[in-house]
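In what follows, a single structure is set out as structure tokens and then discussed.
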Amino acid sequence: MVLLVDGHPYHYEMENLCRVFLPYEEIKTVYEAPEALPETQTTVYTGLRRQGGEVQLFVRLHMGGRVLEDSRVFPESILQMDKEAERLMAVMLFELFAERCGHRPQWGILTGVRPIKLLRRLCGQMGRERAIGHFTSGFLVTPEKTRLSVVTMDNEQKILSKSRPESYSLYISIPFCPTRCAYCSFVSQSVDKAIRLMPEYVSLLCRELEHTAKVAGELGLRLESVYIGGGTPTTLSPEQLRTLLDTLCTHFPVSSCREFTVEAGRPDTITPERLQALKEFGVTRISINPQTMNDEILERIGRRHTTAQTVSAFELSRKMGFDNINMDLIVGLPGDTVGGYRSTLEHVLGLDPESVTVHTLALKRSSRLNQSGRDGFDPDAAAAAQMLDDTAKSLFSSGYEPYYLYRQSRMVGNLENTGWAKPGCYSDYNVYIMDETHTILACGAGAVSKVKDPYSDTLRRIFNFKFPYEYVSRHEEMIARKEQVKELYELFRK
């Protein structure tokens, strides 16, 4: 499709809104009208003109042989209001798409990753009741998603209130997996291909951790939570895990932080030896991620484990004393149905984990599922929405609460990912990273440190190299980048 942007700077938001309705279309954005386009070509025109103290907004949609358009006049003062003209144009375009496509996405015109953060900001600006009303009427979010957002925001606040100006959290990346899932776009290497890199990677990661601990100590920062993710951290051998954890606990005050999570992830990598290593070094929370409890779907998406292995890994973890276990599920997987997903959810709730994180399938450009033309898979947005509705009903009735929520591009149905937990079992790290509350220092390949000014909304990112081989071969540059953390804090504290 072609998106024509005329007289305004809102191209990014207009592109994202087009993807809400046409997630698999390639979008070409232009700033001058092409001389001619095929009649079958989907085109969107968005325009802004100023005249005599007024602003006129235009939108036009040419799709499937039909043309829909709208134009409205507003006072020029809307240009002085934070993103108001952009919001109004998005509402106009949303209504055209909704009429043409015959459905209204539940998150309305919102396309950003952090809707809860937006709602919290609106509450600060407008007051709670007005903000909640504006979320529905101004951004076209459905009443159901608005209620979910409000409950999540209130639960998040229980964690956010613990953060202090000197607080930070630590993320450690283990970018290796037993296999690459069909839907995955993360920079992770399968163990079969990367096993030679792993010993040197762990050694250099320990070196980066030592240097990062020194930087945090010199700045007088206070460690709140630790999260080891990936990838699949339990692809490391028990000995490699012990080396990593020993370095971590030697150089960071892990024993005094409130949460220490390891994303054990794949059930087929969870062994007594690995769990014993995690237990010895004080890990307080682990994640076991089945994604589905249907073996045929697991095989289709490229995961080698089985439902029986998931149950076995969970029972083993309980036996070894882990009393805070999360389980990840995905709605909208190829071959899944509403009934099949209900069976998965019932199976997981029967295990009684402390938290369940429910993701919506996102078909990222670099994923194998997307690059292979989706292998005949046609994502069913209505089914995915029903799965999430069933999730909310089941988890609420089972005593779980939504405590963090985020969204991604190219999600089936333009839906959301939500973390649910029993009271007292929320993951602090998940809330802090989603709200961008305080600094996250990140180590390892593909990791991104987010250095937050404690006294404003300013946030600066420091990127590590994406690929393990780059991380290994250019490690000195990686170490040097951590010095930027001190430089940023010096600026913040002036």
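We did not get these values from a lab; they are worked out from the coordinates using the rules stated. What you see is a predicted model, and the numbers here were worked out from it, not measured in a lab. Because the Cβ atoms are built from the backbone with ideal geometry, glycine has one as well, and the counts that use them run over all protein chains shown.
For segment 430-437, just list the computed ³J(HN,Hα) in residue order, Karplus coefficients 6.51, -1.76 and 1.60, θ = phi - 60°, integers in Hz, with x standing in for Gly and Pro.
Using θ = phi - 60°, the values come out as 4, 5, 5, 6, 6, 7, 6, 6 Hz.
So if a site counts as exposed when it's one of the chymotrypsin sites (Phe, Trp or Tyr not before Pro), its DSSP state isn't H, G, I, E or B, and it has at most 15 other Cβ atoms within 10 Å, what's the longest stretch of the chain without one?
Counting at most 15 other Cβ atoms within 10 Å as exposed, the longest clean stretch of the chain is 32-454.
At 0.36 nm per residue, minus the direct Cα-Cα distance, what do Ile78 and Ser343 gain on full extension? Give it in nm, one decimal, please. Numbers along the way, then the final one.
Details: separation 265, 0.36 × 265 = 95.40 nm, distance 5.00 nm.
Once the chain is fully extended between Ile78 and Ser343, it gains 90.4 nm.
Helix 238-251: angle to the longest alpha-carbon principal axis of the chain, degrees 0 to 90, nearest 10?
80
Ignoring everything except DSSP H segments at least 4 long, calculate the 222 nm mean residue ellipticity for the chain; use -39,500 (n - 2.57) per segment, divide by total residues, nearest 500.
On the way: 18 runs with 203 residues, N = 494.
Mean residue ellipticity at 222 nm (helix-derived): -12500 deg cm²/dmol.
Shape call for segment 1-104 from the C-alpha gyration tensor, a ≥ b ≥ c root eigenvalues: rounded (a/c under 1.5), prolate (a/b greater than b/c) or oblate?
Numbers: a/c = 1.83, a/b = 1.56, b/c = 1.17.
Prolate, because a/c is 1.5 or more and a/b exceeds b/c.
How large is the dipole of the chain about the Cα centre if only Lys and Arg carry +1 and Asp and Glu carry -1, each at its Cβ, rounded to the nearest 20 debye?
Details: 59 positive and 63 negative charges, 127 e Å.
Approximately 600 debye in magnitude.
So if we plug the beta-carbon distance of His103 and Ser203 into 1/(1 + (r/R0)^6) with R0 = 60 Å, what FRET efficiency do we get, rounded to 0.05? It would help to have the intermediate numbers written out before the result.
Working: r = 52 Å, r/R0 = 0.87.
Between His103 and Ser203 the formula returns 0.70.
Please list, by residue number, every one of the GluC sites (Glu not before Pro) in segment 1-41 that is coil in DSSP and has at most 16 other beta-carbon atoms within 10 Å.
On the way: sites: Glu13, Glu15, Glu25, Glu26, Glu32, Glu35, Glu39; in loops: Glu25, Glu26, Glu32, Glu35, Glu39.
Answer by residue number: Glu25, Glu26, Glu32, Glu35, Glu39.
At a threshold of 8 angstrom on Cα-Cα distance, excluding pairs fewer than six apart, so keeping six or more, what relative contact order does segment 1-104 reach in percent?
Numbers: 156 pairs, mean separation 25.9, N = 104.
Answer for segment 1-104 is 25 percent.
In what sequence do Lys494, Lys158 fall when counting other Cβ within 10 Å, fewest first? Don't jump to the answer; show the numbers that get you there.
On the way: Lys494 5, Lys158 15.
The order, fewest Cβ neighbours first, is Lys494, Lys158.
Taking a threshold of 27 Å on the Cα-Cα distance, which of the pairs Lys162/Lys486; Lys214/Lys452; Lys393/Lys450; Lys466/Lys486 fall above it? Don't jump to the answer; show the numbers that get you there.
Working: Lys162/Lys486 24 Å; Lys214/Lys452 18 Å; Lys393/Lys450 35 Å; Lys466/Lys486 22 Å.
Checking Cα-Cα distances, Lys393/Lys450 exceed 27 Å.
Taking a temperature of 25 °C and a viscosity of 0.890 mPa s, what whole-number D in µm²/s does Stokes-Einstein yield for the chain with Rh from Kirkwood over alpha carbon pairs?
Working: Rh = 24.3 Å.
The calculation lands on 101 µm²/s.
At 0.36 nm per residue, minus the direct Cα-Cα distance, what do Glu239 and Arg128 gain on full extension? Give it in nm, one decimal, please. Kindly include the intermediate steps, with their values, before the conclusion.
Working: separation 111, 0.36 × 111 = 39.96 nm, distance 5.15 nm.
Length difference between fully extended and current span is 34.8 nm.
Could you tell me the calculated FRET efficiency between Arg121 and Tyr469, based on Cβ-Cβ distance and R0 = 30 angstrom, to the nearest 0.05?
0.15
If you average the sequence gap of Cα pairs under 8 Å that are 6 or more apart and divide by the length of segment 159-481, what percent do you get for the contact order?
About 21 percent, as a whole number.
Give a quick list of trypsin sites (Lys or Arg not before Pro) in segment 14-100 that DSSP marks as loop, anything other than H, G, I, E or B, with at most 12 other Cβ atoms within 10 Å.
Working: sites: Arg19, Lys28, Arg49, Arg50, Arg60, Arg66, Arg72, Lys83, Arg87, Arg100; in loops: Lys83.
Answer by residue number: Lys83.
Between Val113 and Glu299, what length in nm is gained on full extension when 0.36 nm per residue of separation is reduced by their alpha carbon distance? If you can, show how the numbers build up before the last one.
On the way: separation 186, 0.36 × 186 = 66.96 nm, distance 2.98 nm.
Extra length available between Val113 and Glu299 comes to 64.0 nm.
Measure out, as a whole number of angstrom, how far apart the alpha-carbon centroids of segment 395-437 and segment 57-129 sit.
25
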